[in-house]
Structure formats: C-alpha cells, structure tokens
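Sharing a structure below in structure tokens format, with a few things to ask.
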Amino acid sequence: MEPNQAVNQSSSSSETASKKKRNYRNRSNKKKATEENSTVDASSSTAADKKKVTKDKDTKKAAITKAPLKGFKKKVVEEEEEGDQDAEGCFICTRPIEYYALGPCNHRTCHLCTLRLRVLYKTKNCAYCKAEAKRVVFTTDSEKLYDDYKRDDTPFYDPKYGIRFETESMYKDTMILLQHNCPEPECEEAFENWHELKRHVKQVHHRLFCDLCIRNKKIFAHEHTLYTKEQLQKHNLEGDSTFNKEDETGFSGHPECVFCQSRFYGADELFEHCRDKHEQCHLCLKKGIQRQYYANYDSLEKHFKQDHYLCMYKECLDNKFVVFDSDIDLKAHEVNVHGNGLSRRKQTEARRVDVNLNYGQPRRQQLQQGQRQPIRLTPEDFPDMNGSTSSLNTRVNSLQLTEQDHWPTLGEEPSSSSPSNESDTGIVSRHAAALDGIADMFKNFEKVVKFRQLTTAFTSLSINAETYVNSIYELCGKDADFTAKILMSAKDLVDNRTLKSDMVRTWNQLKNPVS
C-alpha cells in the first residue's frame, strides 16, 4: 500500500468517527429535549388540571351559595297562618307564632317581628323592655329560659344578625326571607339584589316596583306591592285606595317638592329636603307661619322686600338675611351700622319714625282759645250743721268747665303730666315704645295693624270713644283683663287729654256698668 493511500484512509476514518460522535450527541440532545418537553407538558397539564378542578369546585361552591332557596310558597303560608287560630299570638303583630324569638330578658315575640327589627330597623333591643339583646334564640319551646339553652341546643348560628337556631329547617326558613323574593304570589323566584328582581318583575310579570317604597318602607322584598304603569302613577299622586278597595292604610301618595319636581316618601322626608335645600323666612316663623318655603335666596329676597324691611346697603345685601320686621328696627340699624357714611341731616331723617298717628292740639293752643277762670269758694259754699249741701251743689253746677277742666276718672293721669311739656323726640319715642309693647302683647301682625287703624281713627275724631273701646274689646277676644292692658298702653298714644279721658271713662263704664 502506498503512503498516500494510507494517509487518505486514516483521514477518512477519523472523519467518519467524528460524524458518528456528532450524530450520537445530536440524538442524545434531542432525546433529552423530548423528555424535558414531555415533562413540561405533563407538569403544565397537571397544573391546568388542578386549576380546572379548583375552578370547578369554586363554580360548584358559588352555585351552591348563590342558588336561591326554594319552597317559599307565600299563599300557603298565609293560609296556614290564618287557619291556625289556636296558636299563641305575637304581642306585636298579633299573628300566630310559628317560631319564638327569645332574648336574654326572656321576653318572647314571633321570629318574624324580631327578624324585621334586627334586619330592617337595625336595632337589637327587645321590643318589650328595650333591653339590648346581642344574641337571640329562635325556638319552638314556649317556656324554656334563655340561660337554659346550651350551644348544642342551637347548633345553627347566623353571626351577622346574632341569631341561633334549633334546627336546620328553621335556619333555612328564616334565611329565605332575607332573599330578594318575587312578591308575585305564585312565583317562587328569588334573586341576589334589587336590580335583578326588578328586571324579573318587569320582564316576566309586566309590573313595576315603587322605588320610594323600596328605599324607605321597612318590609321584606316579597311584601312589597307590584303596580302597573298607570297604578304606579296613581300610587304616587293619590295612594292605593283609588284602585285597591281593600287598602285601609290611609296612604295618600308621595308628596312632591314643587321646586325640584321630585317626590319623597312622606312629609318628614319632604320637610328635611326643604329645610336643607330651600329657604324659609325666619321673621315669618316668629309670627307662627309654618311650612312656607322659597326656591332659593333670590326669591326669598323678593319676599323680604315686599313684606318686610330689607336693608338695601350693598354690604348688607352681600351678607344676606339683614332684614327687619318693622321700619323702626331698620332705621335703628341704618343709624348704628351705616351712620358714619351719612350726613347729619340724613341721620336726623333716619331717626325720624312715622307711627301713623294724628296728634291733638298742643296745650298752649288750647289755653289760648279759652282761659280757665279760678274757682272762688265762700263760706256759704260749705254745708251747715244740719248737713245741707244745696248751696255747694248749686255753686258747682253753675261752673262752666272747659274740656281741659274735666275731672279725671279712674286711671286717668293728673293734668300736671301734660304732653305739651314733652319735646317732639320724646313723643315719638313714647309712641314707639307703646307700639312695641302692644305688638308684643298681641303677637299677631293682623291684630296690630287693626289696632293702629282704630287708634288713628280715634285720635283723628273719625270714631268716638265708645266705638273705639268696643272695637278694642272685640279685638282682644272680649277678654277684660287683656283689654285693660291694651288700653293702658294705648293711653301713651293719645296726646289729647280729653280723648284720653273719654277712652278711660268709657272703659270704666263698660267694665263696671251702673245698674
């Protein structure tokens, strides 16, 4: 063999060997990769299977927990309750007791009333003694005490409402009431929330719920009333008696806010809404005018301008509610608060108050019209020893007394307190104080206005003293004591002493008539 051939053979054999080695390594790597892939697939399939099993379990569990309880036949229950006349009645609802609800105070009610109190009214107090009952027992025993119940006696427990049950059937019968059961008597469907129940009622029974009753009425879902569209409108406007002759609740509809065009469950809810969202005049409230509201402050401000005395200065308009019940109070406010910006003349005008009364002639003018002559008495004017007084009576009867010289009657002030000695400011202040006092006594705006009209007519001689006194007596409800107080204050409004004397004399004659 030649050397070159030997070299070629050796080189080819070495190449063949290296190829075999590479092929072997490739086969080994492929096998390992295949095994790894199969392992990964097996593990992933195992994990997926586990997830699927877990998901199936969760689905089954959810289906078990979410599935509505069945068997709630409302008509049968009502017939059974009506037929069981011998059973003990609940002192709250007077219905026969199926299960007793027993609290730590050992007072018993039916389980429906206790459930209603704990679930709907959110209270755990005993309906009889008001003692708090954190836990209650639902039982069929009518005599066993609360402390005698052991945990084994009540194995079923609802922690949310603190209720223990003797049997599983009792527990299920109670829990079924808490579902959103369809109110239709023949329907046994139940749902998890109000949205699903309302959709079911609308689609299946073609009826509607009253949303206001759902939010406010303390009854279970199956106890609500279903309405047609027309019946629901009548229910809101007039109540159920218009289409249900058996309705004896006295419900007359849900009241409506005239400003918002929205309805509320009852008068209390409407009152809260108007109090929080709308305006009310505080001055009218003081006069006893209730339930008068305004949409906003702009409409209330118009009321202030029309019926009261609103301060028209910009700072007071910006502050709002700067309003007064009388012109006197407004002018006093303007002088005290805004007086620095007024001239002396305007301040004087602001202090001037028109009390709408006519004043009598001043004392000085009355004296100029006729001077009073002094009375001179002689010894013949005194009675003799035999008691004769004829000369004195003759003397007195011959005297010519002017209107100013009439002797005062009971309650009249002496002549020394003449109004002519008072300044104009003093007279106005006296009149204002008298009017304020009379207004406080009447506590009625219409009566105060009527009193001022009568007083003005009397002081202007449009009516006489008898008509004036009788009118005041009628205005005071024919209350003699109250009339006397009013007339006593009215004396400060009458500056003419003759008119004042006539008023007092007429009142004395009316109060103490001479037989």
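Condition (residue is modelled with pLDDT of 80 or more and acidic (Asp, Glu)) applied to the range 422-429: is it met by at least one residue?
No: zero hits.
Another question, if that's okay. Can you tell me how many residues in the range 115-152 are assigned to a loop (DSSP other than H, G, I, E, B), free of Cβ contacts under 8 Å to residues at least 60 places away in the same chain and of a type outside the set (Asp, Glu)?
18
Please pick out the residue among LYS287, LYS245, LYS218 that is over 30 Å from TYR121 (Cβ atoms) and in contact with a helix residue (DSSP H, G or I) (Cβ under 8 Å, 6 or more places away or on another chain).
Selected residue: LYS287, the only one of LYS287, LYS245, LYS218 that is over 30 Å from TYR121 (Cβ atoms) and in contact with a helix residue (DSSP H, G or I) (Cβ under 8 Å, 6 or more places away or on another chain).
To keep it simple, each residue is scored yes or no on (1) open to solvent by 20 Å² or more (accessible area, probe 1.4 Å); (2) farther than 23 Å from ASN106 by Cα; (3) among the β-branched types (Val, Ile, Thr); (4) at pLDDT 95 or above.
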residue: ALA133; (1), (2), (3), (4): no, no, no, no
residue: VAL136; (1), (2), (3), (4): no, no, yes, yes
residue: ASP141; (1), (2), (3), (4): yes, no, no, no
residue: THR154; (1), (2), (3), (4): no, no, yes, no
residue: LYS172; (1), (2), (3), (4): yes, yes, no, no
residue: LEU178; (1), (2), (3), (4): yes, yes, no, no
residue: PRO185; (1), (2), (3), (4): yes, yes, no, no
residue: GLU196; (1), (2), (3), (4): yes, yes, no, no
residue: LEU208; (1), (2), (3), (4): yes, yes, no, yes
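Next question. Residue pairs, Cβ under 6 Å, 6 or more apart or interchain, first in the range 300-329 and touching a residue at least 24 places away in the same chain (Cβ under 8 Å) and under 19 Å from LYS287 (Cβ atoms), second part of a loop (DSSP other than H, G, I, E, B) and β-branched (Val, Ile, Thr). List them.
ILE328/VAL353
Hey, does the range 455-478 have a residue that's surrounded by 17 or more Cβ atoms within 10 Å (Cβ to Cβ), in contact with a Gly (Cβ under 6 Å, 6 or more places away or on another chain) and assigned to a helix (DSSP H, G or I)?
no
Given the structure, is LYS122 at positive phi and not polar (S, T, N, Q)?
Judged against the criteria, LYS122 is a match.
If you scan the range 229-265, which residues turn out to be more than 23 Å from HIS206 (Cβ to Cβ), surrounded by fewer than 14 Cβ atoms within 10 Å (Cβ to Cβ) and touching a residue at least 12 places away in the same chain (Cβ under 8 Å)?
Result: SER252, CYS260.
Within the range 113-131, track down each residue that is hydroxyl-bearing (Ser, Thr, Tyr), open to solvent by 90 Å² or more (accessible area, probe 1.4 Å) and out of contact with any His (no Cβ under 8 Å at 6 or more places or on another chain).
Hit for the range 113-131 is TYR121, nothing else.
Condition first: of a type in the set (D, E, K, R) and more than 11 Å from PHE138 (Cβ to Cβ). Now tell me which residues in the range 88-105 satisfy that.
Scanning the range 88-105 gives GLU88, ARG95.
Contact list please: Cβ distance under 7 Å, first residue in the range 482-494 and open to solvent by 10 Å² or more (accessible area, probe 1.4 Å), second residue of a type in the set (Gly, Ala, Ser), pairs at least six apart or on different chains.
Hits for this filter: SER489/ALA434; SER489/GLY437; ASP492/ALA434.
Now, a different point. For the range 299-323, give me each residue that is more than 25 Å from the chain's Cα centre (by Cα), farther than 22 Å from GLU446 by Cβ and among the acidic types (Asp, Glu).
Scanning the range 299-323 gives GLU315, ASP318.
The values are calculated or read from the model by the stated rules, or taken from the named source; none is laboratory data. This structure is a prediction, so every number in the text was calculated from the model and none was measured. Don't worry about glycine lacking a Cβ; one is built from the backbone with ideal geometry, like all the others, and counts go over all protein chains shown. Surface areas here come from the heavy atoms of the whole protein model, side chains and all, with no ligands, DNA or RNA. Shrake-Rupley method; radii C 1.70, N 1.55, O 1.52, S 1.80 Å.
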